[in-house]
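Take a look at the structure set out below.
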């Protein structure tokens, strides 16, 4: 199995592309929402994440539709852990073991509020925001080994809350991406949006 690697804007994160589905697509044919595992303790739902955490220096693991992003400790060099990560990933995927344990509780990486929590004009605004994030933002940040997920819209203040995962979490350029890129785009298409904030 040949696994490609790509650097990300976050020097502590690397994107691994195994050339096959990791989480795959949802019922609508869209990339499934990724799963962020910021600690070994949080990785109970994913045997793959658990396997990667066994490698010294791994700080967090993010599973995307067709990629895995690993964030390492700053003191560790990529050249020391990259071969072990490639080996663990190849062995795991070749064995055909499910990436996620269907019975385990998964962390809540999905939207914090559903469309049903909004009514009338607010619901239309949220539908526009989610559509823009899914079609314009998520594919771009997935290319950098991360994901950005809609969490909440506050109609009274016009603030959109987004969660950053994978290489985006803790990336030095993520604040600029959030403010200069995503906020400007949302304000352009959805005049009701005043600002965008990151939430954990």
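Criterion first (at pLDDT 90 or above, surrounded by fewer than 19 Cβ atoms within 10 Å (Cβ to Cβ) and under 19 Å from the mean Cα position of the chain (by Cα)) does residue 4 satisfy it? Reasoning before the result, please.
Values: at pLDDT 90 or above: yes; surrounded by fewer than 19 Cβ atoms within 10 Å (Cβ to Cβ): yes; under 19 Å from the mean Cα position of the chain (by Cα): yes.
The answer is yes for residue 4.
Hey, could you check the range 182-199 for residues that are in contact (Cβ under 8 Å) with a residue 12 or more places away in the chain, out of contact with any strand residue (DSSP E or B) (no Cβ under 7 Å at 6 or more places or on another chain) and more than 10 Å from residue 158 (Cβ to Cβ) and say which is surrounded by the fewest Cβ atoms within 10 Å (Cβ to Cβ)?
Taking the range 182-199 as the starting set, the residues that turn out to be in contact (Cβ under 8 Å) with a residue 12 or more places away in the chain are 182-183, 185-186, 189-190, 192-199.
Adding the requirement that they be out of contact with any strand residue (DSSP E or B) (no Cβ under 7 Å at 6 or more places or on another chain) leaves 185, 189-190, 192.
When the remaining residues are screened for being more than 10 Å from residue 158 (Cβ to Cβ), the result is 185, 189.
On the way: 185: 16, 189: 13.
Filtering first and then ranking leaves 189.
Quick check, is residue 91 more than 21 Å from the chain's Cα centre (by Cα), surrounded by fewer than 18 Cβ atoms within 10 Å (Cβ to Cβ) and part of a loop (DSSP other than H, G, I, E, B)? Even if it seems obvious, please write down each step before you answer.
Numbers: more than 21 Å from the chain's Cα centre (by Cα): yes; surrounded by fewer than 18 Cβ atoms within 10 Å (Cβ to Cβ): yes; part of a loop (DSSP other than H, G, I, E, B): no.
The answer is no for residue 91.
The values are calculated or read from the model by the stated rules, or taken from the named source; none is laboratory data. Because the structure is a prediction, the values reported are computed rather than measured. Positions of Cβ are generated from backbone atoms using ideal geometry, with glycine treated the same way; all protein chains shown enter the neighbour counts.
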